[in-house]
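Engineer: Quick one: the structure is below, questions incoming.
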Amino acid sequence: MKSYIYAILCVSAVSILMAGCAKSPEVIANRDFYDQQYTDALTGYKKLVDEKYNKKDKSYIIYLLNYALLNHYAGHFDEARKNFWTAYQVEEGKVSELAKTFEWMKAGAKRVYKLKKREKMLLHFYLGMNYIFADKTEESIIEYKKIHLLEEDKPKLPLVCFYMGKAYEIEGKYDDALIEYRTLLELTKEEPFPPTYLELARIHDLRGEKEKATEYMKKFVSIADKPQCSIFEGYTIPEGYSELIVQIDQDRLDVTDDIKIYVDGKYVGKARLLDVFRPGVTGGEIARKMMKEVSSKVARDAGKDLMVSVGASAIPFVGGCIGGQVGKRVLGNKEDKRSWYYAPAGFSLFVGYIPENARRVKIEFIKKVSTSRGCLTPSVPSTAAKSEQLTYDLHSMPCVRIKDQIFLTARFQSMAYDKLQE
């Protein structure tokens with residue numbers, strides 16, 4: 001077996017060393033993204049998007065979506081919205097509304113990448129969020145309704161219901177907001193999401209229905225994190241407080257044990273996995289499934305690990321990288337592996353109240369230590385734990401204030417991406 005692998009390595013070494021292990025502009029930009037260096041990542045990705053457009057790359061829409069998402073995380077919401085919209089027009093084949101130069105991306109053209117259903121829903125979701133941040137709630141509601149159409153008209157995604165409720169609330173359409181939050185309550189009944197009760201209490205309070213608001217507030221206090229319970233001892237929303245909504249987009253769901261939120265150094269609660277954007281599947285279900293698959297993942301990667309170890313012994317310094325690339329080619333399959341690879345695997349959400357004059361929010365990720373294999377390949381978590389932190393100024397981008405609410409979207413990236421797999 002080893003002699004066979006040595007032969008493969010010797011034949012493939014030069015070409016794979018040049019093509020597979022060299023740091024391309026895409027890999028560099030992805031590394032900047034991983035390091036939260038969004039300014040550098042945006043600079044690199046803008047050049048990458050222009051290059052893919054000029055070359056009429058059939059995967060162009062993927063790079064455009066990655067660039068839009070980078071802008072979203074950096075707080076450049078106008079630029080994010082523009083690029084998400086362009087991607088939507090290209091995906092729908094509405095090239096006449098953009099420019100004739102997009103003819104090569106028309107549907108049916110050979111090898112042109114078409115978004116999967118989940119990716120389409122995510123595109124509309126981010127467009128909806130960016131419309132909310134631009135004070136265009138009517139447009140955001142239209143985007144969320146497009147997701148319902150993809151779900152065959154029956155809402156199944158908790159996060160969409162949450163933000164649709166927020167959009168209606170901002171518009172003052174409290175009856176519609178109640179419908180969305182009640183749907184959210186139904187979708188999460190197997191694994192209750194405490195902020196749902198908080199939102200229902202908030203809407204009933206805005207409608208002047210104090211008794212109903214108190215009823216839902218009591219339910220919230222009975223299951224919420226202790227720091228939030230202490231705020232609502234009187235079962236009412238206190239004056240001088242703002243609602244903080246922190247959304248964490250996660251590239252993987254098997255590396256984080258807890259996500260803790262601190263405001264001005266004080267612990268205020270945990271973010272909870274709410275959605276994985278797979279209609280009918282809850283966050284808890286997918287997380288449990290992924291943990292069960294860790295052992296099978298190790299088995300699937302065993303052959304590739306052998307390639308890495310043999311390569312490392314055969315060719316010093318770069319042999320492991322070459323072995324990993326060979327392993328992908330020899331042990332992989334030939335189907336189209338392309339995807340919108342920046343698209344999150346899941347979404348965790350914190351919703352709570354904080355003093356309106358608060359200055360900073362810190363997100364602490366308690367995660368399992370990972371050891372990677374090969375060239376930027378996914379890692380398998382061990383049992384040891386460590387923490388990673390992100391800190392934001394509540395009064396500047398990417399934090400967005402709308403009335404008495406503060407929205408923040410953060411990205412937890414557990415690993416650096418390689419190049420797009422063709």
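Throughout, read-outs are computed from the coordinates displayed, never taken from laboratory work. The shown structure was predicted, so the numbers you read here are calculated from the model rather than taken from an experiment. Using ideal geometry, Cβ is built from the backbone for each residue, glycine included, and neighbour counts are taken over all protein chains shown.
Engineer: Which links in K136/K173; K226/K266; K23/K47; K47/K82; K58/K116; K210/K270 stretch past 19 Å when you go from one Cα to the other?
Structural biologist: From K136/K173; K226/K266; K23/K47; K47/K82; K58/K116; K210/K270, over 19 Å: K210/K270.
Engineer: Now for a separate question. Once amide H atoms are placed 1.01 Å from N in the peptide plane, what residues at a sequence separation of 5 or more from K56, or on another chain, have their amide H within under 5 Å of its amide H?
Structural biologist: Answer set, sorted by chain and number: none.
Engineer: Can you list residues whose amide H is under 5 Å from D258's amide H, if they're 5+ apart or on another chain and H is modeled 1.01 Å from N?
Structural biologist: Result for D258 returns I366.
Engineer: Which aspartates and glutamates does K46 reach when only Cα atoms under 19 Å apart count, and residues fewer than 8 places away in its own chain are ignored?
Structural biologist: E26, D32, D35, D57, D78, E79, D418
Engineer: Could you calculate the contour length gain from I28 to K212, that is, 0.36 nm times the residue separation minus the distance between their Cα atoms, to one decimal place in nm?
Structural biologist: Result: 60.9 nm gained on full extension.
Engineer: Roughly how big is segment 105-252's charge dipole about its Cα centre, with Cβ charges of +1 (Lys, Arg) and -1 (Asp, Glu), in debye to the nearest 20?
Structural biologist: 1040
Engineer: Take peptides 395-401, 188-194 and line them up by average Cβ neighbours within 10 Å, highest first, as a rough protection proxy.
Structural biologist: Highest-to-lowest ranking by the protection proxy: 188-194, 395-401.
Engineer: Going by how many other Cβ atoms sit within 10 Å of their own, how do V160, V361 line up, fewest first?
Structural biologist: So the ranking, lowest neighbour count to highest, is V361, V160.
Engineer: Right, here's the next one. Can you tell me the dipole magnitude for segment 194-237 around its Cα centre, using point charges on the Cβ only (Lys, Arg +1; Asp, Glu -1), in Debye to the nearest 20?
Structural biologist: 40
Engineer: Once the piece of chain linking K110 and D404 is laid out straight, how much longer is it, given 0.36 nm per residue of separation minus the C-alpha distance between them?
Structural biologist: 100.9 nm
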